[in-house]
Structure formats: structure tokens, C-alpha cells
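Written below as C-alpha cells is the structure these notes are about.
The values are calculated or read from the model by the stated rules, or taken from the named source; none is laboratory data. The structure displayed is predicted, hence computed values, not measured ones. Methodologically, a virtual Cβ is constructed for each residue, glycine included, from the backbone with ideal geometry; neighbour enumeration extends over all protein chains shown.
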Amino acid sequence: MSAAAPPRRLVGTVRHGDRALQTVTLGSVVLILAMLVVLLGDVALGGARTLTWEFLTAAPRDGMTAGGVFPAIFGTVALTLLMTLAAVPAGVATAIYLTEFASTESRLARLIRVSVSNLAGVPSIVFGLFGLGFFIATVGKAIDGVAFGGQPTYGKPCLLWSSLTLAILTLPVVVVATEEAILAVPRELRDGSLALGATRMQTILRVVLPEAMGGILTGTILAVSRGAGEVAPILFTGVAYYLPYLPSHLNDPFMSLGYHVYVLATQSPDVDRTKPLLYGTALVLLILTFLLNLAAIWIRSRTRRHSRAAA
Amino acid sequence: MRARDLCVRYGQKVAIKDVDIDVHTNQVLALIGPSGCGKSTFLRSLNRMNDTVPGVSVTGHVDLDGEPIYGPNVDPVLVRRRVGMVFQRSNPFPKSIFENVAYGLRIAGMRERDVIAERVERALRHAALWDEVKDRLPESGLGLSGGQQQRLCIARALAVEPEVLLMDEPASALDPIATAKIEDLVADLRGELTIVIVTHNMQQAARVSQRTGFFYMGRLVEVGETSQVFTRPRERETEDYITGRFG
Ligand SMILES: Nc1ncnc2c1ncn2[C@@H]1O[C@H](COP(=O)(O)OP(=O)(O)OP(=O)(O)O)[C@@H](O)[C@H]1O
Ligand SMILES: [Mg+2]
């Protein structure tokens, strides 16, 4: 008993470990912040001067050593919208099935969950290859054979296949975020709705989804903003090095900001002259991503306030 | 309503067994008994809310107006439109006060705005909440106090004009004043619709109910006139419980 008794003194300290831990953790915070500041600062300072109205609205000129990035902005926005249009309904529907209809022991549900988490771990270049092999060489070819007499119309890299490839890449995140948001809806709310004679479908549409919407939107926007900057999945499936026109059909190729950065950095005949453009393009991509993330933060803070009122 | 040979199991575990009880029309039946004796389970089997819990099996018969609610081809959704329920923890939807009460009407397919408005007002008056909220109907139901939220849930249940209202410890999370309001409300509703109310508070049971049933370890030990159950219980277990010797 006496061995376990605490020392009978008050002066001094027994918390050396605490202080060391605090130093180490604070150190890593500072390190990460510093890297972030350097990275963002470099891009912002380097790109700020390039960021003119002309840069945002004109097409590249003179072998990409002058002009702007409008076609790449246009392509990225179109790609992102189409990807969202494809990924969000499918992802939300999958999550609703998993949370509301599949029992936890169901084989199918377990299979879907395993597939989703494995999908999330696949390197993005593999998605690109998959898009090439599946969408272009298989689905697109088949469409051409049936509808266009074998003329390559959809059996080639284009906006549609790139969007769908990116959609598959973002799908797991959408599913997981939606599932979490739905599971966070208190059981009492569902019970309240069911007890009033609501069907399962009415309960999901009128109570569960509105309550989960903040979480779904936040997760979805983060997933989409991640996907918007991806290059590997669109490399083989539709992105173009340079295009003299804007894409106007689903089967047109397109330019994208992420790929444009790569092109400017590696394919330019005159690296010094493209450097400001390179910085400017990276900055535009960062700003687009930032805007999406800001939207997510804004939605999250709004739903937080809303649920605090509930408590 | 009437239950015969009612048994409910959670997986292998028997929660209530062989319950026979008549719930008299337009009366208040109070259910008392120690924690875990199966009161909520019984209550939830009267509107088929147990169906929403995985692994539950129900055997026996429950009749609503002579119709078996566990009969073949019976849709639990339709049962719940006639047998409403108020829960222990108030659970207003994160919607406006008005929309909370209108919810049951809307899901039942009611469209006419003036009819809905009228039914909402009537339900809120019925639940003794109208005067407190009539100027703030578009505000969120979550902004109300705990007692008001619970009365909002009662109004929500009353709006669809159920024949039976089930209340599972509706006041157990409320302060004495809010509790008194709920009790007054139940007393006022007596004679208008059938109410089954679970309570841990014996004064409450004595105050609001005409009949009282005592559950113990999954069995309905006795049921009778409230005055009789509290003054001259037939069973020894009932007497021990109401005199505070256990539970
Ligand atoms: N979802 C469930 N799964 C498994 N067992 C359950 C479940 N719900 C209740 N039970 C069990 O069934 C028995 C009866 O529970 P019930 O909730 O009906 O009791 P109660 O009388 O309402 O108690 P309380 O007064 O604490 O509310 C308890 O032993 C409980 O553990
Ligand atoms: Mg209970």
C-alpha cells in the first residue's frame, strides 16, 4: 500500500512528458503551417501579376507563351459540373440504399461497402486506364457501331468519358459522406415521422434527407473539389493539349487547368516565357478549388448553427 | 383496442408474454411498472412501431375496432395513421411550428391550404399550445421550450385525428410545471379519444387515468379501475410496487 501512495510534496513537477508532447505536437503544427504558407504564398505571389482580365478570358497564343487560359477554365468547369451530375445522384442513392434498405448483415450491402472502400484506394491513373478501356474502347465503340455506322463518334477521348471517369473516382467519397450524414440523423426523428403514418419513402424524402443535407453537400463539394484538379483520370479519356475551339458537345475533347499546368511546365519550347503563365494557371486552379471549399465550410457552419438551436 | 395472447421477442429474448388487455374506447389507460418490464414494448406493439426494430417478432392478436392490426395484408402505415404516438423525448422535426403540425396531414395527401391551416390551428388549440405559438408559426419548432416541444408533438399527433393516442412517459423529461400542463391536457382529452399512457409517476397515473395496468417482468399482472388498483390491488406484486417496496 505504501509503495503506491503518491509522494507527499507539492513543489516541483512530475509532468515532463506533458511538456515534451506539447512541444512535439506544436512543432508539427508549425511545420505543416509553414509548408502551406510557402506553397500558397509562392503560387499567389508568382501568379498574382499574371492574373489579368485578359488571362481569364483569352485563349493561349503564340505556342502557349502568351494569351490566357479561358478554354482550360471552361473545360474544367464543364468537366466538374458533368462529373457532379453523374456522381452525386448515384452516390446519394447508393448511400440511401445502404443505410435505409439493406440490413447490416446483407451480403449485397457488405459487397457494396467493400467495393466502395476499395474503390477509394485505387490510384487515380488506374481510373484513367479504366476509362480508356471501358468507356472509350468498349462502351463508346459499341455506341459507334450501333448508332454511327462504325464512325468514331463516341469511341474516342471526350468530355463525356472524362466526366464519367472522374465521377467514379469521386463516387466513394460521396457515398461515405452521405452515409455518415444520414446515419447522424437521430432515430427519434425517423420514429416521429413513421409514427405519424409516413411511409419509409416519405420519411427519407421529407425528414431524413433535409436533415442530412448539410452533411451531404459538404462532403460532396469536398469530393468534387478534389476531383476537379485531378489530371491522371482525364489524361487518356478526353483532355486535350491545345484546342482552337471550346467544347460544345459531350463528345468533344476539352482543355483543363490541371493538365494545362503540366503542359506549360513540361512541353513548352521556352520555359522562361511560360513561367508566369504557369503560375497564373496554378493560381486559377487553386482559387477555383478554394471557392468550392469555402462553400463547403459555409454550408457546414450554417448547419452547425441550425443543429445547435436544436440542443 | 384489444390485445390477446400478445408476445413480443427481441431475437431470442422475450420482452412481453401472454398479455391480454382491453383498452376502453375514449378512456385513459395508464400503464405502470418497474423499468424494463415491457411497457414501451407493449405500447409500440399497438401501432406496429416494433416493426421498425430489426429482429422483433410479435405473436398474438391486437384488434383496432374489431380489425386485426397484425392481420395479413394490413399495412402498418395505415395502422399508424389511426393509432398515434408521442415519445418520451420530444422529437419535433427541424421544420417550422406550422409544418410540424401539418406534417401528418401532408403525408396523408391533404393539399387544401385552408383546410390544413384550420386543422393545424385546431390541433394546436387542442394541445393547449395555440396561445403561446400563434404569432410564431413560421419559426422553427426547435426554438420552443422542452414542454412546448412536447405539446407540439402532441399537437402533431392530434392533427391527423387518430382514434387512439399512445404516450410513452410523455412528461418524464419535463419540469413540474410543464408536466402539470401535459397532465391537464391528457385529462382534457379524456372522453374524446382513447389514450394509453406509460408513466413512472403514480400520482400521474392516479390523476389522469380511468384504468390502470401494472406490468411486471413482461407480464400484465393486473388491470382494473384506477381507484381499485391503487387502493385495493388484487395482486401482491401490485401492492408491493405501489407502496414502494420495490421498483
Ligand atoms: N431494441 C431492443 N432490442 C433488444 N431488447 C430490447 C429492445 N428494446 C427493449 N428491449 C428489452 O425488452 C425489455 C422491455 O423493455 P421496454 O423498453 O419495453 O421496458 P419499459 O417497461 O418501457 O422500461 P422503461 O420503464 O425503462 O422505459 C427490456 O428487458 C429491454 O432490455
Ligand atoms: Mg419505456
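Some notes on this structure:
- One residue from A:Thr76, A:Thr23, A:Thr94, A:Thr80 being free of Cβ contacts under 8 Å to residues at least 40 places away in the same chain and either in a helix (DSSP H, G or I) or among the polar types (S, T, N, Q) (or both): A:Thr23
- Taking the numbered list (1) more than 24 Å from the chain's Cα centre (by Cα); (2) of a type outside the set (Phe, Trp, Tyr); (3) at pLDDT 90 or above in turn, A:Gly238 passes all entries but (1).
- Test: residue in segment B:162-183 that is within 24 Å of B:Phe98 (Cβ to Cβ), away from ligand 1 (no atom under 16 Å from the Cβ) and free of Cβ contacts under 8 Å to residues at least 12 places away in the same chain: no
- Answer from B:Gly36, B:Gly71 - the residue that is out of contact with any Pro (no Cβ under 8 Å at 6 or more places or on another chain), within 16 Å of ligand 2 (Cβ to nearest atom), without any contact (Cβ under 8 Å) to a residue 40 or more places away in the chain and small (Gly, Ala, Ser): B:Gly36
- Members of segment B:8-18 found to be within 16 Å of ligand 2 (Cβ to nearest atom) and either farther than 19 Å from B:Val79 by Cβ or within 14 Å of another protein chain (Cβ to nearest Cβ) (or both), listed by number: B:Tyr10, B:Lys13, B:Ala15
- In segment B:225-247, the residues that are farther than 22 Å from B:Asp22 by Cβ and part of a helix (DSSP H, G or I): B:Arg236, B:Glu239, B:Asp240
- Looking only at segment A:29-68, residues that are outside any helix (DSSP H, G or I) and surrounded by 11 or more Cβ atoms within 10 Å (Cβ to Cβ) come to 13 in all.
- Verdict on B:Arg89 being of a type outside the set (S, T, N, Q) and more than 30 Å from B:Leu6 (Cβ to Cβ): no
- Residue check, B:Thr212 crowded, with 21+ Cβ neighbours inside 10 Å, among the hydroxyl-bearing types (Ser, Thr, Tyr) and within 16 Å of the chain's Cα centre (by Cα): yes
- Filter result (outside any helix (DSSP H, G or I), within 14 Å of chain A (Cβ to nearest Cβ) and over 17 Å from A:Gly192 (Cα atoms)) within segment B:99-119: B:Gly109, B:Met110
- Of the residues making up segment B:19-40, those that are within 12 Å of ligand 1 (Cβ to nearest atom), more than 14 Å from chain A (Cβ to nearest Cβ) and not in a loop (DSSP other than H, G, I, E, B) number 4.
- For the criterion of being surrounded by fewer than 19 Cβ atoms within 10 Å (Cβ to Cβ) and assigned to a loop (DSSP other than H, G, I, E, B), B:Ser172 passes.
- Screening the candidates B:Asp63, B:Asp51, B:Asp5 for the property of being outside any loop (DSSP other than H, G, I, E, B), within 14 Å of chain A (Cβ to nearest Cβ) and more than 9 Å from ligand 1 (Cβ to nearest atom) yields one hit, B:Asp51.
- Within segment A:166-225, the residues that satisfy the criterion of being at the interface with chain B (Cβ under 8 Å from one of its Cβ atoms), surrounded by 23 or more Cβ atoms within 10 Å (Cβ to Cβ) and not aliphatic (A, V, I, L, M) are A:Gly192, A:Ser193, A:Gly197, A:Glu211.
- Looking across A:Ala93, A:Ala78, one residue alone is surrounded by 15 or more Cβ atoms within 10 Å (Cβ to Cβ) and of a type in the set (Gly, Ala, Ser). It is A:Ala78.
- For B:Pro92: the one exception among (1) within 14 Å of chain A (Cβ to nearest Cβ); (2) in contact with a strand residue (DSSP E or B) (Cβ under 6 Å, 6 or more places away or on another chain); (3) in a loop (DSSP other than H, G, I, E, B): (2)
- Here B:Arg80 meets each of (1) more than 7 Å from chain A (Cβ to nearest Cβ); (2) part of a helix (DSSP H, G or I) with one exception, condition (1).
- Of all residues in segment B:120-151, those being part of a helix (DSSP H, G or I) and within 11 Å of chain A (Cβ to nearest Cβ) number 4.
- Of the numbered criteria (1) in a helix (DSSP H, G or I); (2) surrounded by fewer than 12 Cβ atoms within 10 Å (Cβ to Cβ), the one A:Gly12 fails is (1).
- Top-ranked residue in segment A:241-285 [being β-branched (Val, Ile, Thr) and closer than 20 Å to A:Trp53 by Cα; ranked as modelled with the lowest pLDDT]: A:Thr274
- For B:Met85, the conditions (1) within 16 Å of ligand 2 (Cβ to nearest atom); (2) loosely packed, with under 15 Cβ neighbours inside 10 Å; (3) within 14 Å of chain A (Cβ to nearest Cβ) all hold with the exception of (2).
- Count of residues meeting criterion [in a loop (DSSP other than H, G, I, E, B) and either crowded, with 19+ Cβ neighbours inside 10 Å or of a type in the set (Gly, Ala, Ser) (or both)] in segment B:194-209: 2
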